[in-house]
Ligand SMILES: *Cc1c(COP(=O)(O)O)cnc(C)c1O
């Protein structure tokens with residue numbers, strides 16, 4: 001940060017180039033494009049597909065607003081698909097059921113940092129000629145099918161990361177799009193900054209011309225050098241931070257197994273690495289006299305701040321008006337009133353994690369049916 005301030009170049013420049021190169025190396029992708037949010041990364045990935053009115057993109061219902069909103073921004077329609085009851089990830093069966101003649105892309109979300117069943121999803125995308133835009137906002141660093149999430153997986157796949165304040169790697173606000181498609185990367189590099197032929201940093205270099213061409217109407221999605229400097233420092237700590245979060249998750253799962261009514265998230269499947277952005281407990285409501293919101297309030301009274309990820313998209317008014325109902329997405333509908341995210345971040349101390357688990361167990365026992 002201080003280095004960037006002293007340099008006098010605050011917006012996208014050398015620091016962004018270095019952050020991109022380091023992030024690309026960390027995930028094993030030939031291209032990485034730094035942007036100012038995860039939403040921008042998703043939007044650019046879809047912009048590269050030149051979607052038309054009537055086109056459809058398959059999006060899990062169990063996700064944050066951003067995954068689906070960028071589909072609307074491209075003039076297409078998100079088609080919501082259901083999740084697995086335990087992992088809350090989009091299931092290949094639900095994705096396959098959602099495919100129609102108008103489907104253009106599949107947008108799996110690695111919910112909470114747990115990789116989706118990507119081999120099966122890729123097979124659906126390949127068989128139906130769909131692009132794959134992976135929402136990895138929760139999934140840095142994670143691994144699936146032998147490679148890092150975000151690694152080169154073919155020209156039809158792109159992966160979007162978020163560096164929002166709460167995410168596992170943060171730049172305050174920021175994001176990254178990775179992939180292995182040189183033509184797409186060149187086009188998106190231009191669209192990222194107003195569709196210009198050359199960004200200011202390139203024009204500033206010795207021997208470069210001050211002129212640029214507007215190649216297409218683009219976006220203001222570039223990341224600042226200030227943010228990139230934070231990202232580079234965060235990147236160096238990412239592996240250790242993930243280990244800490246995995247340790248906290250293992251601690252919670254062992255502790256919660258001692259009491260009633262609390263269903264811990266399943267462990268990561270063999271060969272996969274979970275980023276543990278979220279630790280989502282499902283309440284067994286049949287065993288409790290109180291609902292989820294009261295459970296959260298009881299935790300808060302005991303000094304524990306817990307949260308909910310997510311209210312599924314189809315339960316929000318915009319999507320109800322778009323014709324979605326609870327019956328269409330039964331697993332996400334059933335999961336929502338049961339979800340509680342316990343605090344999980346790298347410097348949560350052993351004493352704090354014990355206090356969190358003890359409070360959850362105490363509330364579960366006290367309000368047991
Ligand atoms: C945070 C998040 C995003 C968007 O990231 P921003 O950097 O906030 O734009 C996208 N998808 C999911 C699932 C997220 O949680």
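The values are calculated or read from the model by the stated rules, or taken from the named source; none is laboratory data. These figures come from a predicted structure and were not determined experimentally. Ideal geometry is used to build each Cβ from the backbone, glycine not excepted, and the neighbour counts take in all protein chains shown.
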### Task
With respect to residue 165, determine if the residue is free of Cβ contacts under 8 Å to residues at least 60 places away in the same chain, in a loop (DSSP other than H, G, I, E, B) and within 16 Å of the ligand (Cβ to nearest atom).
yes
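Yes/no matrix, rows are residues, columns are (1) in contact with a helix residue (DSSP H, G or I) (Cβ under 8 Å, 6 or more places away or on another chain); (2) within 22 Å of residue 316 (Cβ to Cβ):
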residue: 35; (1), (2): yes, no
residue: 60; (1), (2): yes, yes
residue: 67; (1), (2): yes, yes
residue: 88; (1), (2): yes, yes
residue: 115; (1), (2): no, no
### Set 128, 104, 97: member being in contact with a strand residue (DSSP E or B) (Cβ under 8 Å, 6 or more places away or on another chain), surrounded by fewer than 19 Cβ atoms within 10 Å (Cβ to Cβ), at pLDDT 95 or above and closer than 21 Å to residue 313 by Cα
97
### Message
Given (1) within 18 Å of residue 22 (Cβ to Cβ); (2) assigned to a loop (DSSP other than H, G, I, E, B); (3) away from the ligand (no atom under 16 Å from the Cβ), identify the lone condition not met by residue 170.
### Response
(3)
### Task
Could you list, in sequence order, all residues of the range 18-71 that are more than 22 Å from residue 185 (Cβ to Cβ), free of Cβ contacts under 8 Å to residues at least 40 places away in the same chain and more than 14 Å from the ligand (Cβ to nearest atom)?
52, 53
### Query
Looking at the range 100-111, is at least one residue without any contact (Cβ under 8 Å) to a residue 40 or more places away in the chain and more than 13 Å from the ligand (Cβ to nearest atom)?
yes
### Query
Does residue 143 satisfy the condition of being under 18 Å from the mean Cα position of the chain (by Cα), under 24 Å from residue 29 (Cα atoms) and either more than 16 Å from the ligand (Cβ to nearest atom) or surrounded by fewer than 24 Cβ atoms within 10 Å (Cβ to Cβ) (or both)?
yes
### Query
Filter the range 195-225 for residues that are surrounded by 17 or more Cβ atoms within 10 Å (Cβ to Cβ) and modelled with pLDDT of 95 or more; which is farthest from residue 141 (Cα to Cα)?
218
### Message
So, in the range 1-13, how many residues would count as being part of a helix (DSSP H, G or I) and surrounded by 14 or more Cβ atoms within 10 Å (Cβ to Cβ)?
### Response
1
### Query
Given the conditions (1) modelled with pLDDT of 95 or more; (2) under 28 Å from residue 105 (Cα atoms), and given that residue 270 satisfies all but one, which numbered condition is not satisfied?
(1)
